[in-house]
Amino acid sequence: MKPTCLLPFLGLLSSGLVHAADTADAIYHGGAVITVNDDQPTAEAVAVKDGKILAVGAKDEVLKSKGDDTKLIDLSGKTMLPGFVDSHGHTYMIGLQASTANLLPPPDGTGKDIASIQKLLADWALNNSKVVERVGWIAGFGYDNSQLAENRHPTKEDLDKVSTEVPVLIIHQSGHLGVGNSKALELAGITAETKDPDGGVFQRKEGSTEPNGVCEEYAFFMLIGQLAANFDNPINDTLVLEGAKLQASFGYTTAQEGRAMGAGLEAMERVADSGKLPIDLVAYPDVLEVENPKPTMDYKNGYRVGGVKLTIDGSPQGKTAWLTQPYFEPPPGKDKDYVGYAAIDEETTMKAVEKAFDNGWQILCHCNGDAASDRYIKALTAAKAKHPDLKNRPVLIHGQVLREDQVEAYHKLGVFLSLFPMHTYYWGDYHRDSVLGPERATNISPTGWALKRGMMFGSHHDAPVALPDSMRILSATVTRKSRTGKVLGPEHRVDVPTALKALTIWPAWQHFEEKTKGSIEVGKVADFAILSDNPLEIDEDKLAEIKVLETIKGGTSVYTRPPEGASISTPASFGITLDHSPDEHCEGSHIPGFKPVCGDGCFNHGLSVMLRAIESASTTQPGPLTEP
C-alpha cells in the first residue's frame, strides 16, 4: 500500500501572517515540514517565539519574522513533524525498562531462550552487585514466553540456576505476570497450600499443587509486593525522570502515566516541582485506589492529572485477557473452554464508571478481551443515561479483541479508541497461531472499523510493555506486518498521513489539548520531532528504520541523537545507573548463592529497582502494574 501524498500548500493562511512587530526567536527551514494540519499540510519554514509557533508556511514569508537575534536553524533535508502525543503508556514504569536486566526478545533485546534469560540476569547482577545488596533482589523485565525458543515460561527451577539464596524475579513483557525463583516464592509465603487469589493464578506443576514459579495477575502482585521494602523517594523520582527522557528520545513531547497510584503520583509531583521534567506528563490515577485524583486542565511545571483509570482484564499474549470465545490454544493446565477472566467484578466496574461520570472525570478503561468490552459498554451506557450531556471523552485502552458491533457501540457512546496496532508486529504470529486463531487475530486493534465510522483513534506503545518507539508504532499501524512479515488484517491498514494523526492530533484531542498541540499551526506550542527521513516519501517497509534525531519541547531542544546512535535501540543502552562500580565480568561474585552464567549478554549498569514498592508491601490487593 503506497502512502497517500499530501498536496503541498505553501502559501501562508491568514492565521499565519507575520506582523511587523513579531520577531521570531528561531526559524526552522531547509527541510520538509509535515504539519498534520489538513488546511496546510506541508510548509517550507516554521518560526517560533516564546515557546509557541509564530508562523508556518513559505520560507520567504516566514523569514519576514527574522530579527537581529533570531536563530536560523537549517534542517539540512531532515523532516519536522509535530511532537508526538502519547495515547497510552506508563512513564513512571518506563524507567523500569532502563532499570533492570533487559530480557526483551529481538529486536529490542536478546532474550531469545531460557539460557539467554539466565545469562542476562547473571550479567546484570554481576554488574550491579552493590544494588543487589541494597535492594536484596535480582530483577529483570521483558521476557516473552511466546518468543522464547522453548515456547514456555521459565520456571522457578530455571531461575534457581541464577541464584538459590537471592530472590530472583522476572516480569513478563505484558506486565501482567512474572516468575519467581524458589527464594522469591519463599519470601512471599507462596506454597502448595496457597490458594489462588481472586483475579489471579499461581501456575502449578503438573499433577501437583506445588507452584512452578509463574504467577498471573493478582497472584503476581502478591509476589512483586515483596520487592517494596527498600524503595525510597530518590529511586521513585529517578523512574519518572528517566521514563520521560526515554520517551523524549522517541519524539514524544507529551507523555502519559496511564495508571498512577500513591507513591508514583507523589514522585511525579516532586519531579515536576523540581522543574526537571523534559516533556509534559499527564497522569491517570487508578480510580479504585485513589479517592480524590483532582484532575485539571492546567499544567504545573509540565505535569497534570488528566482523569482516572480502570482495568477490567489482563493480557492476550499472557492469555489472561477476558474473551467471550475460548482461546485458540488454552494455556497449560486449562481446558478447551478457557476464556480468561475478569480482574474485577461487574459491580465494581459499574460503580467505578459511575463515579467518574458523577464527578465529570475523564475515564480510561483497559479492556483487551471482548468480554471486558461488553462490561465497559454496559457501564458506559448506564453512566451516559444518567449524564447524557457530559462531554468527558471516555477512552477505551487497547481493544485487542473487539467485535465490529462493539466498535459501533463505542462510536455511539462517543468513546475514543486508544488502540495498540504494534501488537501486529510483536505478537501477531502468536495471536494467529496460539492466542486467537486466524479469524480473530485478523481484527486485533481494528483501525479499519474505526475509520469506516469516521472515528479518530490513538496508536499507542503501552511502554514498558514495548519500547515507546514512535516509528515502530507508525510502521505497524501502516503495514500490520508481523515479525515473520505476514500481514494481519489488510483491511485495517491505514495510510501514513492517517497513522501520523494517530500519533499527534488525535491523541491531543483525547487529552483535550487539540487547540494547543498535535499539529504545527500558528499559536500552538512549539513541540516538534525531527526525523532522519520523510515518512510520506520513504518505502512503507522502511518506516521503522526512521530515526528521531531531535525532540523540541516548547521551542527548547530536550533530546539530540548522539552521533553513534539514537532513539534507543535497546533499553539497556539508555545508560542510567545507581551503581558506578567497574564492570565485573564473569569472574565470580560475592553475592551469596549466586551462580555466574558467562556469556555475551552484559548490558550497562542499571538501577536495581522494580517499580511499585510504590505501595507498601502490606497492600493486600495491589492492582496490575501495566497492561499490554
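Side notes on the structure shown:
- Using Cβ point charges alone (K and R +1, D and E -1), the dipole size of region 265-358 about the Cα centre works out to roughly 360 debye.
- Whole-Hz couplings from phi, Karplus 6.51/-1.76/1.60, listed for region 35-47; x for Gly and Pro: 7, 6, 10, 4, 6, 8, x, 9, 8, 9, 7, 9, 10
- Pairwise FRET efficiency - Lys276 versus Leu451, Cβ, R0 = 45 Å, nearest 0.05: 0.70
- By average C-beta atoms within 10 angstrom, highest first, the peptides 335-346, 425-436, 236-247: 236-247, 425-436, 335-346
- Theoretical FRET efficiency, 1/(1+(r/R0)^6), r = Cβ-Cβ of Thr516 and Asp539, R0 35 Å, to 0.05: 0.55
- Percentage relative contact order, region 419-535, counting C-alpha pairs under 8 Å, at least six apart: 26 percent
- Applying D = kT/(6 pi eta Rh) to region 70-181, where Rh is the Kirkwood radius over alpha-carbon pairs, T corresponds to 10 °C and eta to 1.306 mPa s, the Stokes-Einstein value obtained is 101 µm²/s.
- Distance between the 7 Å Cα→Cβ label points at Glu157 and Asp358: 5.2 nm.
- 9 Å beta-carbon shell around Leu488, net charge (K/R +1, D/E -1): +3
- The charge dipole of region 48-160, taken about its Cα centre with unit charges on the Cβ of Lys, Arg, Asp and Glu (plus for the first two, minus for the last two), comes to roughly 380 debye.
- Remark on Ala43: its backbone amide H falls under 5 Å from those of Val33, Thr35, a criterion applied only to residues 5 or more positions apart or on other chains, H modelled at 1.01 Å from N.
- Residues Glu404, Glu44, Glu193, sorted so that the one with the fewest Cβ neighbours within 10 Å comes first: Glu193, Glu404, Glu44
- Charged neighbours of Lys336, selected by a Cβ distance under 15 Å, balance to -1 (K, R count +1; D, E count -1).
- Normalising the average separation of contacting C-alpha pairs (under 8 angstrom, six or more residues apart) by the number of residues puts the relative contact order of region 105-210 at 21 percent.
- Label point at Ser208 placed 7 Å out along Cα→Cβ; residues across region 151-190 whose backbone nitrogen lies under 12 Å: 156-157
- Euclidean distance between Cα centres, region 316-385 to region 234-306, Å: 26 Å
- A Förster radius of 35 Å combined with the Cβ-Cβ distance from Thr324 to Glu150 puts the calculated FRET efficiency at roughly 0.70.
- Of Lys245/Lys300; Lys71/Lys553; Lys486/Lys542; Lys119/Lys542; Lys481/Lys542; Lys119/Lys547, pairs whose Cα-Cα distance is over 21 Å: Lys119/Lys542; Lys119/Lys547
- Estimated inter-spin distance, Asp198 and Thr348, nm [label 7 Å along Cα→Cβ]: 0.6 nm
- Amide hydrogen neighbours beyond the local backbone of His90, cut-off 5 Å, H modeled: Gly258, Ala463
- Extension reserve of the Lys300-Glu491 stretch, reckoned as 0.36 nm per residue once the Cα distance is removed: 64.5 nm
- Each of the peptides 134-141, 513-520, 65-72, 454-461 was scored by the mean count of other Cβ atoms within 10 Å over its residues; in descending order, highest first, they stand as 134-141, 454-461, 513-520, 65-72.
- Charge dipole (region 170-304, unit charges on Cβ, about Cα centre) - positive-most of Ile279, Leu223, Leu239: Ile279
- For region 187-228 versus region 460-524, the gap between their alpha-carbon centres in whole angstrom: 37 Å
Quick note: the coordinates plus some simple rules give every number you see, no bench work behind them. Keep in mind it's a predicted model, so treat the numbers as computed, not measured. Here Cβ is always computed from backbone atoms with ideal geometry, including for glycine, and neighbour counts include all displayed protein chains.
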